[in-house]
1. Quickly rank 169-178, 154-163 as a protection proxy: mean count of other C-beta atoms within 10 Å, highest first.
2. Cα axis of helix 314-326 to longest principal axis of the chain: angle in degrees, 0 to 90, nearest 10?
3. Between helix 75-85 and the chain, what is the angle of the helix's C-alpha long axis to the longest principal axis, kept within 0 to 90° and rounded to the nearest 10?
4. In which sequence would 378, 151 go, from the one with the fewest C-beta neighbours within 10 Å to the one with the most?
5. What distance in nm separates the simple spin-label points at residue 166 and residue 250, each placed 7 Å from Cα in the Cβ direction?
6. For a quick check: sort 371, 53 by the number of other beta carbons within 10 angstrom, fewest at the front.
7. For the chain, what relative contact order do you get, as a whole percent, if you take Cα pairs closer than 8 Å and at least 6 residues apart?
8. Run the helix sum for the chain: -39,500 (n - 2.57) per DSSP H stretch of 4+ residues, divided by residue count, reported at 222 nm to the nearest 500 deg cm²/dmol.
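Just so you know, all these numbers are worked out from the coordinates, no wet-lab data involved. Note that the structure is predicted; figures quoted are calculated from it, not measured. Glycine gets a Cβ as well: all are built from the backbone with ideal geometry, and neighbour counts include every protein chain shown.
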């Protein structure tokens, strides 16, 4: 049997059902297609990570005398052409979550069928089926807590599959038309604190289980410490499966409350995938339809200052500079930074979501959209709009000694713990007359109380406009 394994967002050998099935049946041609016709993945931080990840996957396949074949173009056209060229009988792959994915799969199935090749989609690369409708109904779940409770009770997570013992190549396919050199994709990029690839993911999981899981429930919200898993970039590119993580978690001797809290965080990832499967429009449109008429500002200067970490609010600026420097941001700080943009600056959540899509190493379309809508208040299970994070109080609570702020805002290093989150108060002078503080740190873009009230007024006008 001759098969193509289409690697999509599953750049690993372990717990890879399409690869395992194909490897058992005969020769395998591993293929990855960078498809510019798909709109979900901007050419940003995650794509730079992916280039490194593809190199690592290729190195792993070469252990068996096989290799990864990389192409750029239309996935349907390339896979169909390559299948005919190598006389493949099957194409194996995981199913995708988005509307674009499903349209692509339907088109590919037709094209392959015309060539006498079968498309075999082996389910989703998730812990729970994302196409699961709410119990007793045909509609999707809307609230996380009952969804997570039901999934925990109804589904026993499958054991992860081991990597195949061998992945035999097809007989001398040679260099195929349009094929790229995987080695040329490797860039000299420093991923601060991360190592792309399956081996890096496995090492990161082991480090988390041994060093950070105990105490996770109580310490995870403190960005100056290191209790989070930092597995998200690896999960986003499928270098490790969520089943593997859950399996290893169940074997851990860490306290139950810490294991349960981490499972809950993985559950949010599953819930986001569930929402995206049923609501493909959520990537750019509010799940609460009335929010389409929400008033947003066109504060380009404020948006730029937010992106560059120059808002004058240390907890927000530290997060945005962490993102710029490392491609990652602590989850608590993500929520606070997002709230500041949407509610204090009045900039649309879509603008923030697009910026995160370009800059996050762990950009995941479902997680990104669901999280921004949660903060904005327009998701199905969102924080109410009037829940507006006070970034000063958040910093004082979750970074009480300023360790996190000092790490990314060196100009504030000399300030005391009492002053680190309020280095300057907003002046009433016009912007053109304001001067930077002696250490170069700007004053706040907005008054937090006044901007909060402005946000609430926008919300009240929205509510009044809804029939």
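1. Values: 169-178: 11.9, 154-163: 13.5.
For the peptides 169-178, 154-163, the packing ranking is 154-163, 169-178.
2. 30
3. So the inclination is approximately 20 degrees.
4. Working: 378 23, 151 19.
Ordered by Cβ neighbours within 10 Å, fewest first: 151, 378.
5. Here the modelled spin labels are 3.2 nm apart.
6. 371, 53
7. On the way: 746 pairs, mean separation 79.2, N = 467.
Relative CO of the chain lands at 17 percent.
8. Values: 18 runs with 207 residues, N = 467.
Value at 222 nm, helices only: -13500 deg cm²/dmol.
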